[in-house]
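What follows is a short report on a single structure.
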Amino acid sequence: MAKRQETLKEKTARGLLWGGFSNGLQQLLGLVFGIVLARKLSQADYGMVGMLAIFSAIAACMQEGGFIAALNRRKEVTQRDYNAVFWTSVLTSIAFYLLFWFAAPLIARFYGEPRLTALARYSFLSFLFVSFSIAPRAYIFRNMMVRQSSIIALVSMALSGVVGIVMAYQGYAYWGLATQNIVFTLSVSVLNYWFSGWRPTLNVDLSPIKDIIGFSSKLIVTNIVTSVNTNYLSVLLGRYYLAADVGNFTQANKWNTMGHSLITNMLYSIAQPVLTKTDDDRQRQKQVFRKLLRFTAFVSFPAMLTLALISEEFIVILITEKWLASAHILRVICLAGAVMPVSYLFSNLLVSRGRSATYMWCTIGLCLTQLLGIGLCVPYGISHMVVVFAAVNIAWLAVWFWFSHSEISLSLREAVVDVAPYALLSAAIVVGVWFLTGDISNVYLSLGVKVVAVGVAYCAALWLLGSTIFRETIVFITKKKIE
């Protein structure tokens, strides 16, 4: 048992290391490509692509089918299982592509934008390509091949980013953004086959799907609802406002997503596999979960609250004042972004415990609550809609805890002890720095001072308070042995 736990600890540490390294580089690449494209393209260009995001997201959920998580939970997985997942994903994606091909004119009519017909039919090729990667991705995920997964993501992002920039400077506008996404998904599919070593066979036997559809079907519904929850604000903006408004929200949401996904993607490669592997020892699973919870809060709150603090300087310096309206949106949704990695960890606990139905209904509740709140705010403008969007996401953290605490006997006091110190400390420091730096007029100086001040104050406070997670992180980074 001790050896197994030690191996699991090593895999977890290595996964976090590679996940953090990879996602850090991905965010850096995304930052560079995002700056170049945002300076070259208009709000309307981003708005055109943003209007279609919800349809691609829903189709992607259907083709993935929750199979990656379902296969991860199985004690034994055979070639026959992977092959069934491969053909199910491919056949589903073909059916959905044909459906959306014929539905493209209706989508264009809904938004009142005729150009969306051709753009939709072209953009939706991305989820056709990504379907070929589901089975090898499941293999890589189950075997915690985090290094390989990191290389796949980095190479795909670099290649697609270069293509997007070249097309933007050649005058292809929003077609360049669509092509960037297509190249990314195609590259991901090819590289997943290369690194996984897994290959499909022509024996189309879908019978193994029956054994996992009960679990995965709930994840399908959940993932669809999550995609709707993430993208329906763009739909409402596109329906009732201008394409430029959609572009401003899309731009703000992109930077917010880049911020909190740095943490969630780091957790993605290790959280569910590790929690699943400790499923037979509830006390051990609770210890692992609480440590992941502390680490998530330790990183997420200072990072996202700092991004909210510097949102205006960040936008003006990187993508010019023409995007200033997106800075005000970014400031608000970053508050929600701070709790999203924590919510993500709670949801992974539910999935690892086999509670896909609970996960599904909790996500549906979040979506319906946000839809109602945001829908009521349509007459009052974008700012009210964004505030409701952020507020509901923050408040829903309590719901995630309510559905999760009984699984590992996690008390409210324990959850608060693990999360609140980092949230309150980060908020106090950010507010203090905001007051102290309010008179700095130079945007470059303001950004630099704010980031350094928050970073130094946060680390100094944790050091003086004797934070265990801070000490362990420093020791791990410096490659010393953790006691």
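Brief remarks follow.
- Residue 402 being open to solvent by 70 Å² or more (accessible area, probe 1.4 Å), within 24 Å of the chain's Cα centre (by Cα) and of a type in the set (Phe, Trp, Tyr): yes
- Residue that is among the β-branched types (Val, Ile, Thr) and either farther than 26 Å from residue 310 by Cα or open to solvent by 20 Å² or more (accessible area, probe 1.4 Å) (or both), where the choices are 339, 386, 378: 378
- Criterion (out of contact with any helix residue (DSSP H, G or I) (no Cβ under 8 Å at 6 or more places or on another chain) and within 27 Å of residue 311 (Cα to Cα)) met by exactly one of 460, 453: 460
- Residue in the range 168-182 that is aromatic (Phe, Trp, Tyr), in a helix (DSSP H, G or I) and in contact with a Ser or Thr (Cβ under 7 Å, 6 or more places away or on another chain) present: no
- Number of the condition not met by residue 86 [criteria: (1) at pLDDT below 75; (2) part of a helix (DSSP H, G or I)]: (1)
- Qualifying residue in the range 331-350 (condition: over 17 Å from the mean Cα position of the chain (by Cα), in a helix (DSSP H, G or I) and at pLDDT 85 or above): yes
- Residue 187 vs. criteria modelled with pLDDT under 90 and among the hydroxyl-bearing types (Ser, Thr, Tyr): no
- Test: residue in the range 262-278 that is within 30 Å of residue 452 (Cα to Cα), open to solvent by less than 20 Å² (accessible area, probe 1.4 Å), among the hydroxyl-bearing types (Ser, Thr, Tyr) and modelled with pLDDT of 85 or more: no
- For the range 95-121, taking the residues that are open to solvent by less than 30 Å² (accessible area, probe 1.4 Å) and aliphatic (A, V, I, L, M), the one that is nearest to residue 173 (Cα to Cα) is identified as 119.
- Hey, residue 173 at pLDDT below 90 and open to solvent by less than 20 Å² (accessible area, probe 1.4 Å) or not: no
- Among the residues of the range 291-322, those that are of a type in the set (Val, Ile, Thr), open to solvent by 10 Å² or more (accessible area, probe 1.4 Å) and over 17 Å from the mean Cα position of the chain (by Cα) comprise 306, 310, 316, 317, 320.
- Test: residue in the range 348-357 that is without any contact (Cβ under 8 Å) to a residue 60 or more places away in the chain and farther than 28 Å from residue 252 by Cβ: yes
- Residues that are crowded, with 16+ Cβ neighbours inside 10 Å, touching a residue at least 24 places away in the same chain (Cβ under 8 Å) and either assigned to a loop (DSSP other than H, G, I, E, B) or in contact with an Asp or Glu (Cβ under 8 Å, 6 or more places away or on another chain) (or both) within the range 405-441 comprise 408, 410, listed in sequence order.
- Filter result for residue 167 (under 20 Å from the mean Cα position of the chain (by Cα), open to solvent by less than 50 Å² (accessible area, probe 1.4 Å) and touching a residue at least 12 places away in the same chain (Cβ under 8 Å)): no
Okay, residues lined up against (1) in contact with a Cys (Cβ under 9 Å, 6 or more places away or on another chain); (2) in contact (Cβ under 8 Å) with a residue 12 or more places away in the chain; (3) surrounded by fewer than 17 Cβ atoms within 10 Å (Cβ to Cβ):
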residue	(1), (2), (3)
123	no, yes, no
133	no, yes, no
155	no, yes, yes
194	no, no, yes
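The values are calculated or read from the model by the stated rules, or taken from the named source; none is laboratory data. Bear in mind that the values here come from a model prediction, so they are computed numbers and not experimental data. Counting neighbours? That spans all protein chains shown, and the Cβs are built from the backbone with ideal geometry, glycine included. The accessibility values were calculated without ligands, DNA or RNA, using every heavy atom of the protein model including side chains. Shrake-Rupley method; radii C 1.70, N 1.55, O 1.52, S 1.80 Å.
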